[in-house]
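The values are calculated or read from the model by the stated rules, or taken from the named source; none is laboratory data. Keep in mind that what you see is a predicted model, and the values were worked out from it rather than measured. Glycine also receives a Cβ, built like all others from the backbone with ideal geometry; neighbour counts cover every protein chain displayed. The protein model used for the area step is the full one, side chains on, heavy atoms only, and it has no ligands, DNA or RNA in it. Shrake-Rupley method; radii C 1.70, N 1.55, O 1.52, S 1.80 Å.
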Amino acid sequence: MTLSPLSLPSSDDALSWVEEYAADGLATARRLVDELRAAPPADTPAALRQWDEIGRRLGNVAAVGSLLSNVHPREDVRTRCEQAEVDVDRMATQLRQDRALYDVFAALDASGLDDRAARLLDKVLTDFRRAGVDRDDATRARLAEINERLTALDQEFSRNTRDDVRTVTAPAERFAGLPQDWLEAHPADAAGDVTATTDYPDSVPVRMFAHDADLRHDMSVAFLTRGYPQNEPLLQEMFALRHELATLVGYADWASYDADVKMIGSGPAIPEFIDRIAAAAAEPMERDLAVLMARYRQDRPDATEIPGSDASYYQEAVRREQYDVDAQQVRRYFDFTKVRQGLLEVTGRLFGLSYLPVPDAPVWHEDVTAYDVVETGSTEPFARIYLDLHPREGKYKHAAQFTLTDGVAGRQLPEGVLVCNFSRGLMEHDHVVTLFHEFGHLVHHVLGGRGEWARFAGVATEWDFVEAPSQMLEEWAWDADILASFATDESGTPIPADLVARMRAADDYGKGIYARVQMFYAAMSYWFHTDRPSDLTAAMRELQARYSPFPYVEGTHMFASFGHLGGYTSAYYTYMWSLVIAKDLFSAFDPADLFDPEVAGRYRDRVLAPGGAKDAADLVADFLGRPYSFDAFAAWLAR
């Protein structure tokens, strides 16, 4: 049977389409639930298939709601999509707390099930228990209230961050040092002033290149105060409600509840991991900081520390002067259009895929491009992807892969969306790496979308593993031969291999600093949820002093726009946990031949294609032929 992708509406029809799509999805799910409750199949696989179909229907509504609430240009559509998410969460909570439904699955005979069906049954029963199905009526009612309120809080937190775009305006001469193409795109107004926003294509270059320290400081303050003060009380309530939810179902705190279904296994293991990484990074950080301080004192001889607002500028100065890597020269090789095409060619070759443009596909904005995904040598699409890669008003401000539909064999094509905020012209190499990273999620989503069960589709592994495949794909954005295939300057000259080698060395220079900054974020994510401090700014300052290489920028409240406090909750450690695994995964590839079809095919088929059908540790062991270890990461950090 040939499956068709979801037919998206025009902008004019979007509101009515979302209303109908959500209503149909929820109504179908309710009907299937009623049938399951009234006449549960005696056959265990049949009962699981019906429950999985209910999950697929609800997941479809939630996915459309999540995507379009973050990308659609119309505010009324975004608001309606937020409501769709709330409606799905409410129904999902009701179902997981339904004792009659739980009894149906608890009574099923697991004997004779294959490994994946048995895994599904175990996950379903765990979901019920974690939702409080075995608690009294009052407790279940309170849990439902908490879940609904948490969804609303997360949406409001995200909306405040997304919509709070701040600006810095200054005389044009104060922007000296910015790349010429940036300056041309930001002409002075009648008063001779230039305005830059806190969106990434402005804030990153200003903090990295502007010679004017006061301008860098002003931009840093503007960027690090987005979402403040309105988000602080939302976060306080969010942390309190998560704690209450966790304790109501028998856990010590939210981090313990959250970690119970992750690779790390327990809440207390999180600070142990954070401190292990912080200790491993201590010497590399001090080495990096000594180099940075020496350069900073050339300009400020009496300095005793490097302000956070000056960090990017002076790290860039070190790379330029000591490693002969000038980011403004590097970016000449990374024209957005060429990079996008190069990304498709590289990942297509690596994973045996082709991406066929679909110019007439309905999209939510003219910037969006759609591609059908086919196996190399085939003409039959098995997935569709969308790339939405430039900033605009009302759009999600970071970089992420969103699901449009989860793929299920014979039932639904996998469809995914890359949502980023890149320049339309020249890109920093760091943004090229980010693009490869996020595309790693997208490839995982589509390759893992051809299994039997919706529950295991795509990026459905433990959440502290999901970053590992995307972090590993970053390595292909650092290979000189691969970059030369698409990174060319205006004259068509490829990026020189010796420049790429210097870029690698310059990137290695800052990894001790990077690791400690990441541990600051991870510590904030964990301790905010376990301590629930009354003064988030004070708590953030204390954690920054303990873990970060750089001091607090006075007057800022970075936590107020730290979007991961919404989605990742207490588990920001995930990024570094996954990086440990990513370095080990990459050790199986030959750096001299990153397209080796045997290794790439084994990685694709054993790590990506199964989706969540096995524990992540087993997926990695299937590929490596052994359990994953800390060794490759430790060697990378130390060198």
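Identification of helices (runs of 4 or more DSSP H) wholly contained in the range 95-194 with 2 or more residues that are among the acidic types (D, E) yields 115-130, 137-163, 180-185. Residues that are touching a Pro at 6+ places or on another chain (Cβ under 8 Å) and either at pLDDT below 95 or part of a helix (DSSP H, G or I) (or both): does the range 25-36 have at least one? The answer is no, given that none of the residues of the range 25-36 is touching a Pro at 6+ places or on another chain (Cβ under 8 Å) and either at pLDDT below 95 or part of a helix (DSSP H, G or I) (or both). Out of the residues in the range 476-490 that are of a type in the set (F, W, Y) and outside any helix (DSSP H, G or I), state the one that is most open to solvent (accessible area, probe 1.4 Å). It comes out as W478. Scanning the range 267-287 for residues that are part of a loop (DSSP other than H, G, I, E, B) and either open to solvent by less than 50 Å² (accessible area, probe 1.4 Å) or touching a Leu at 6+ places or on another chain (Cβ under 9 Å) (or both) yields a single hit, G267. Taken together, the residues in the range 26-51 that are within 19 Å of A62 (Cα to Cα), open to solvent by less than 60 Å² (accessible area, probe 1.4 Å) and in contact (Cβ under 8 Å) with a residue 40 or more places away in the chain amount to 4. Residue count for the range 223-261 satisfying the condition of being assigned to a helix (DSSP H, G or I) and basic (K, R): 1.
Consider the range 611-623 and keep the residues that are touching a helix residue (DSSP H, G or I) at 6+ places or on another chain (Cβ under 7 Å) and surrounded by 19 or more Cβ atoms within 10 Å (Cβ to Cβ). The one that is farthest from G510 (Cα to Cα) is A613. Within the range 434-462, the set of residues being touching a strand residue (DSSP E or B) at 6+ places or on another chain (Cβ under 9 Å) and either free of Cβ contacts under 8 Å to residues at least 40 places away in the same chain or aromatic (F, W, Y) (or both) comprises E438, F439, G440, W453. Of all residues in the range 620-639, those that are over 19 Å from E462 (Cα atoms) and among the hydrophobic types (A, V, I, L, M, F, W, C) have Cβ atoms under 9 Å from Cβ atoms of residues that are in a helix (DSSP H, G or I) and open to solvent by 60 Å² or more (accessible area, probe 1.4 Å), 6 or more apart or on another chain, in A638/E283. Of all residues in the range 163-180, those that are farther than 19 Å from R392 by Cα and free of Cβ contacts under 8 Å to residues at least 60 places away in the same chain have Cβ atoms under 6 Å from Cβ atoms of residues that are open to solvent by less than 80 Å² (accessible area, probe 1.4 Å) and in a helix (DSSP H, G or I), 6 or more apart or on another chain, in A170/L215; R174/L215; G177/F209; L178/P205; L178/F209. Within the range 544-564, the set of residues being of a type outside the set (F, W, Y), crowded, with 22+ Cβ neighbours inside 10 Å and part of a helix (DSSP H, G or I) comprises M558, A560, S561. Within the range 463-475, residues that are in a helix (DSSP H, G or I) reach partners that are among the charged types (D, E, K, R) with beta carbons closer than 7 Å, at six or more positions or on different chains, in the pairs S470/E438. Within the range 544-572, residues that are under 19 Å from S312 (Cβ atoms) and polar (S, T, N, Q) reach partners that are part of a helix (DSSP H, G or I) and modelled with pLDDT under 95 with beta carbons closer than 6 Å, at six or more positions or on different chains, in the pairs S561/T161. Would you check if there is a residue in the range 394-408 being open to solvent by 40 Å² or more (accessible area, probe 1.4 Å) and over 17 Å from S66 (Cβ atoms)? Checked the range 394-408: no residue is open to solvent by 40 Å² or more (accessible area, probe 1.4 Å) and over 17 Å from S66 (Cβ atoms). Got at least one residue in the range 125-139 being modelled with pLDDT under 95 and in contact with a helix residue (DSSP H, G or I) (Cβ under 6 Å, 6 or more places away or on another chain)? No, the range 125-139 contains no residue that is modelled with pLDDT under 95 and in contact with a helix residue (DSSP H, G or I) (Cβ under 6 Å, 6 or more places away or on another chain).
Listed by first and then second residue, the pairs linking a residue in the range 262-283 that is on the phi > 0 side of the Ramachandran plot to a residue that is open to solvent by less than 20 Å² (accessible area, probe 1.4 Å) and modelled with pLDDT of 95 or more, with Cβ atoms under 7 Å apart and 6 or more places separating them unless they lie on different chains, are G265/A259. The residue that is farthest from Y547 (Cα to Cα), among those in the range 317-335 that are buried (at least 21 other Cβ atoms within 10 Å of the Cβ) and of a type in the set (D, E, K, R), is D335. Taking residues in the range 603-619 that are under 16 Å from P414 (Cβ atoms), and partners anywhere that are aromatic (F, W, Y) and part of a helix (DSSP H, G or I), the pairs with Cβ atoms closer than 8 Å and at least 6 places apart or on different chains are R604/F351; L608/F351; P610/F456; G611/F456; G612/F456; A613/F456.
For beta carbons closer than 8 Å, sequence separation of 6+ or different chains, a first residue in the range 77-102 that is closer than 21 Å to T139 by Cβ and free of Cβ contacts under 8 Å to residues at least 40 places away in the same chain and a second that is basic (K, R) and open to solvent by 10 Å² or more (accessible area, probe 1.4 Å), the qualifying pairs are R96/R130.
Out of L442, L418, report the one residue that is part of a helix (DSSP H, G or I) and within 28 Å of R602 (Cβ to Cβ). Just one listed residue meets the conditions, L442. Residues of the range 1-24 that are open to solvent by less than 20 Å² (accessible area, probe 1.4 Å) and assigned to a helix (DSSP H, G or I): A14, V18, A22.
Contact annotation: residue pairs with Cβ atoms under 8 Å, 6 or more positions apart or on different chains, pairing a residue in the range 293-313 that is of a type in the set (K, R) with a partner that is surrounded by 12 or more Cβ atoms within 10 Å (Cβ to Cβ), are R295/Y314; R295/A317; R295/V318; R295/E321; R295/Q322; R297/A303. Just one of (1) in a loop (DSSP other than H, G, I, E, B); (2) of a type in the set (A, V, I, L, M, F, W, C); (3) open to solvent by 30 Å² or more (accessible area, probe 1.4 Å) fails for M208. It is (1).
Residues to consider are L387, L418, L413, L473; find the one that is open to solvent by 10 Å² or more (accessible area, probe 1.4 Å) and at pLDDT 95 or above. That would be L413, the only listed residue that is open to solvent by 10 Å² or more (accessible area, probe 1.4 Å) and at pLDDT 95 or above. Among the residues of the range 160-194, those identified as buried (at least 20 other Cβ atoms within 10 Å of the Cβ) and within 30 Å of C81 (Cβ to Cβ) are T161, R162.
Scanning the range 592-610 for residues that are surrounded by 13 or more Cβ atoms within 10 Å (Cβ to Cβ) and over 24 Å from the mean Cα position of the chain (by Cα) turns up L594, F595, D596, V599, G601, R602. Across the range 242-257, the qualifying residues are those that are open to solvent by 20 Å² or more (accessible area, probe 1.4 Å) and touching a His at 6+ places or on another chain (Cβ under 8 Å), and the one among them that is farthest from T151 (Cα to Cα) is D253.
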